[in-house]
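Report on the structure given below.
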Amino acid sequence: MSAGKIAAKKGSNLRHRKRVLSALLFLSPGLAIYSVLILYPTAQSLIYSLQDWDGMTPRWVGLANFSELLHDKLVWIGAANNLRVLALALIFQLPLAMTLAYMLSKKQRVASLFRFMYFIPGLVGAATMALLWGFVYQREGLLNALLKTLGLSHLIQPWLSKDGIVQWTVAFPGVYAGIGFFVIIFMAAISEIPDSLYEAASIDGANSWQQLVHITLPSVWGVYLMACVLAVTDALSAFVFPFILTNGGPLHRTETLTSYAVWQAFTNYRRGYGSAIAVFHFAIAIVATLLIRRLSRREHQESKAL
């Protein structure tokens, strides 16, 4: 190898190292914060999950906590309540957000106003939103008063205390509050679709519903799957609304995995068992996210093959 090529290779390696060093310098503040707030607590939870610890003297128990949670009925009640939130998100939240985004994309003059109106619940803090929904759900609250005014008194319920109903009423507010966020995401994706596609479809006689199904949805399917990942993570981390509206009651019927882990760790003083529930919860979230990502890659490969 000639001296010139050796010098060029050394120069290229030096420039590469400088770029890597620059990137690390820019990333270091974020990596430090992420390590302190996410990685370190996650590692601590994993260690605590293998201990019987009441906050005073830890005792190593290995996988005993995980064996216990598999037979803990309340863990599966919490998982079922997380699945209720997820079902509402996938069946109600995302389809409604997509429909609203499509409608607003066709009404440019009022899109900004309605976009802001839909996004307002997302701007209000979750705790504040939960308190407002608490007033709505009270026995003499807005919902029962509205039913009474409409002549539907037979539908009046104790929304925050009746088993079989309270699980859904606690799950709904968080799903409702997130609609505006997904409307904004879907509107941004729809704005990238060429108008010529819609014009050609209109000339061919396609109505709005057909344009939504055959043009809009296929064009933004990747974004929709990304929204599904966000919906999964939000559903599996549900905590504020059940905690504030019912504090997990009645009789732990509205606990989620997160709220039950917090209850075990800080109310029942079983920090190790609460950490085990949190680790179990984290594993479920990872598996669900990987499944959706796999589905997304498969859909992308099939679309490229076509």
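The values are calculated or read from the model by the stated rules, or taken from the named source; none is laboratory data. Nothing here was measured: the structure is a model prediction, and the numbers come from that model. Because the Cβ atoms are built from the backbone with ideal geometry, glycine has one as well, and the counts that use them run over all protein chains shown.
Here residue 256 meets each of (1) at pLDDT below 90; (2) crowded, with 21+ Cβ neighbours inside 10 Å with one exception, condition (1). Residues in the range 57-85 that are of a type in the set (A, V, I, L, M) and either modelled with pLDDT under 90 or more than 26 Å from residue 238 (Cβ to Cβ) (or both): 61, 63, 64.
Quick grid of which residues meet (1) under 30 Å from residue 192 (Cβ atoms); (2) within 21 Å of the chain's Cα centre (by Cα); (3) at pLDDT below 85; (4) not β-branched (Val, Ile, Thr):
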{"residue": "101", "(1), (2), (3), (4)": "yes, yes, no, yes"}
{"residue": "111", "(1), (2), (3), (4)": "yes, no, yes, yes"}
{"residue": "114", "(1), (2), (3), (4)": "yes, no, yes, yes"}
{"residue": "128", "(1), (2), (3), (4)": "no, yes, no, no"}
{"residue": "135", "(1), (2), (3), (4)": "no, no, no, yes"}
{"residue": "139", "(1), (2), (3), (4)": "no, no, no, yes"}
{"residue": "143", "(1), (2), (3), (4)": "no, no, no, yes"}
{"residue": "150", "(1), (2), (3), (4)": "no, no, no, yes"}
{"residue": "154", "(1), (2), (3), (4)": "no, no, no, yes"}
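Among the residues that make up the range 209-227, is at least one of them under 16 Å from residue 130 (Cα atoms), out of contact with any Cys (no Cβ under 6 Å at 6 or more places or on another chain), among the aliphatic types (A, V, I, L, M) and surrounded by 20 or more Cβ atoms within 10 Å (Cβ to Cβ)? Scanning the range 209-227, I find no residue that is under 16 Å from residue 130 (Cα atoms), out of contact with any Cys (no Cβ under 6 Å at 6 or more places or on another chain), among the aliphatic types (A, V, I, L, M) and surrounded by 20 or more Cβ atoms within 10 Å (Cβ to Cβ), so the answer is no. Residues considered: 131, 197, 146. Of these, the only one that is assigned to a helix (DSSP H, G or I) and either in contact with a Gly (Cβ under 7 Å, 6 or more places away or on another chain) or closer than 30 Å to residue 78 by Cβ (or both) is 131. Filtering the range 238-253 to residues that are under 22 Å from the mean Cα position of the chain (by Cα) and either modelled with pLDDT under 85 or among the aliphatic types (A, V, I, L, M) (or both) leaves 238, 240, 244, 245. The conditions are (1) modelled with pLDDT under 90; (2) assigned to a helix (DSSP H, G or I); (3) closer than 15 Å to residue 275 by Cβ; (4) of a type in the set (D, E, K, R), and residue 54 fails exactly one of them. Which is it? Checking residue 54 against (1) modelled with pLDDT under 90; (2) assigned to a helix (DSSP H, G or I); (3) closer than 15 Å to residue 275 by Cβ; (4) of a type in the set (D, E, K, R), the one that fails is (2). Where helices (runs of 4 or more DSSP H) fall wholly inside the range 216-291, the ranges with 2 or more residues that are closer than 19 Å to residue 42 by Cβ and in the same structural domain as residue 158 (by TED's automatic domain parsing) are 221-236, 257-262.
Of the residues contained in the range 81-97, none is found to be assigned by TED's automatic domain parsing to the domain that holds residue 276, surrounded by 14 or more Cβ atoms within 10 Å (Cβ to Cβ), closer than 16 Å to residue 274 by Cβ and among the hydrophobic types (A, V, I, L, M, F, W, C). Only one of the listed residues (103, 117) is in contact with a Ser or Thr (Cβ under 9 Å, 6 or more places away or on another chain) and surrounded by 11 or more Cβ atoms within 10 Å (Cβ to Cβ). That residue is 103. Scanning the range 132-169 for residues that are touching a Lys or Arg at 6+ places or on another chain (Cβ under 9 Å), crowded, with 16+ Cβ neighbours inside 10 Å, touching a residue at least 40 places away in the same chain (Cβ under 8 Å) and among the hydrophobic types (A, V, I, L, M, F, W, C) gives 160, 166. Picking from 185, 165, 193, 179, which residue would you name as being of a type in the set (Val, Ile, Thr) and farther than 30 Å from residue 210 by Cα? Among 185, 165, 193, 179, only 165 is of a type in the set (Val, Ile, Thr) and farther than 30 Å from residue 210 by Cα. So is residue 158 outside any loop (DSSP other than H, G, I, E, B) and closer than 30 Å to residue 255 by Cβ or not? Criteria not met by residue 158.
The sole residue among 48, 34 that is farther than 29 Å from residue 177 by Cα and not assigned by TED's automatic domain parsing to the domain that holds residue 222 is 48. For residue 244, are the conditions met, namely being touching a helix residue (DSSP H, G or I) at 6+ places or on another chain (Cβ under 6 Å), of a type outside the set (Gly, Ala, Ser) and over 30 Å from residue 294 (Cβ atoms)? When the stated conditions are applied, residue 244 passes them.
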